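Asks: Can you keep this structure in mind? I'll have questions shortly.
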C-alpha cells in the first residue's frame with residue numbers, strides 16, 4: 001500500500017518510503033536528499049526539520065484536552081454529527097478516508113470502529129500527537145505532515161474529514177484545494193467549524209458587546225455563508241449543512257432562542273444558532 005500511497009508535490013513524483021525516507025536523526029541533521037523520515041516508533045514525518053520543533057503543540061500535553069472530554073455532550077455531538085454525515089450505506093465498502101488535523105487520533109479511531117472496512121488515515125502537524133496516535137490506535141495509518149501539503153497521491157481518498165481545523169488556519173481556501181487534490185471525483189468532504197454568529201455571539205451583538213471566539217487558539221471564525229462560498233469557489237457541491245441542537249442554558253435563553261429560530265424560518269435563512277456547524281460537500285467531477 002505505502003509504495004503507491006505517498007506523493008511529493010514539489011518533485012511531482014511518487015515517494016517510495018523504503019528508499020526515499022531516512023532516520024529521524026539524519027532528518028534533523030538536514031539530510032535534504034530525502035523526501036521524509038521514519039520516526040523511531042514507526043510512523044513517517046513529512047515536515048521540514050525546522051518545522052518539527054515549532055509545530056509540536058502537543059509536546060507537553062494535549063492543549064485541547066480532547067481525550068479528557070470524549071464523553072462530554074459537546075464531543076459526543078461532534079462525533080455523532082461526523083459519523084451521521086458519512087452515508088451508512090458505505091459501511092460494507094472498502095473506502096479510503098483521511099482525517100486531517102486528527103490530533104491524537106481519538107475521533108479517527110471512533111470513525112474506524114464505526115466503518116470497519118474503511119482504510120483510515122490520520123494527518124496532524126504535531127509529532128507528539130501522531131506518536132501517541134500511532135501507538136494507541138495501530139489499525140490506523142498516521143503521519144505527521146502539513147495539512148496544506150498532504151503527501152498523498154492525487155485522488156486517493158473517497159472521504160476527507162476536517163473536524164474543527166478551519167478556524168485554526170490562516171488560509172482555508174489553500175487547505176480546501178489541498179483536500180480537493182487528494183479527493184476522488186464525487187468524493188465527500190466533511191468540515192466542522194464554529195459558527196461566528198452562534199446564539200451567544202448574537203446576544204452580544206444585540207447588547208453592543210464584542211463577539212468572542214470559542215478558543216484563543218482560533219485564528220478566526222466564519223459565518224455559514226462564508227464557508228458555503230469557500231466550498232463553492234473551490235468546486236464543491238454542498239449536500240448538507242447541519243448543526244446538532246444544544247439546549248439553552250436557562251429558561252429565558254430558551255424563549256429567546258425559540259423566537260430567533262421563528263424569525264430565521266420566516267426569512268428562510270440558512271443561519272443556525274448552535275455553536276458548531278457541519279458541512280458535507282461533494283467534489284465536482
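Asks: Once the convex hull of the alpha carbons of the range 68-129 is built, what does its volume come to per residue, in cubic angstrom? Intermediate results must be reported in sequence, preceding the final value.
Replies: On the way: hull volume 5.1 nm³, N = 62.
Spelled out: Cα convex hull of the range 68-129, divided by residues, is 82 Å³.
Asks: On a C-alpha basis, how far is the centre of the range 1-52 from the centre of the range 124-179 in Å? Whole number, if you could?
Replies: Taking the Cα centre of the range 124-179 as reference, the centre of the range 1-52 is 16 Å away.
Asks: I've got another one for you. Exposure proxy check: 14, 89 ranked by fewest other beta carbons within 10 Å?
Replies: Ordered from fewest to most neighbouring Cβ atoms within 10 Å, 14, 89 come out as 89, 14.
Asks: Could I ask something else about it? What does the extension gain come out to for residue 186 and residue 16, with contour length at 0.36 nm per residue minus their alpha carbon separation?
Replies: Working: separation 170, 0.36 × 170 = 61.20 nm, distance 2.79 nm.
Computed gain between residue 186 and residue 16 is 58.4 nm.
Asks: Starting with the fewest neighbours, write out 124, 171, 26 ranked by other beta-carbon atoms found within 10 Å of each beta-carbon. Spell out each step's value before the answer.
Replies: Numbers: 124 27, 171 10, 26 14.
By the 10 Å Cβ count, ascending: 171, 26, 124.
Asks: Per 0.36 nm of contour for each residue apart, how much would the distance between residue 223 and residue 74 grow if the chain were fully extended, relative to their Cα-Cα spacing?
Replies: Values: separation 149, 0.36 × 149 = 53.64 nm, distance 1.99 nm.
Extending this stretch completely gives an extra 51.6 nm.
Asks: Still on this model: If I model a spin label as a point 7 Å beyond the Cα along the Cα-Cβ vector, how far apart are those points for residue 48 and residue 148 in nm?
Replies: Simple spin-label model gives 1.0 nm for this pair.
Bear in mind that the values in this text are calculations on the coordinates, not laboratory data. Everything numeric in this text was worked out from a predicted model, so none of it was measured. Because the Cβ atoms are built from the backbone with ideal geometry, glycine has one as well, and the counts that use them run over all protein chains shown.
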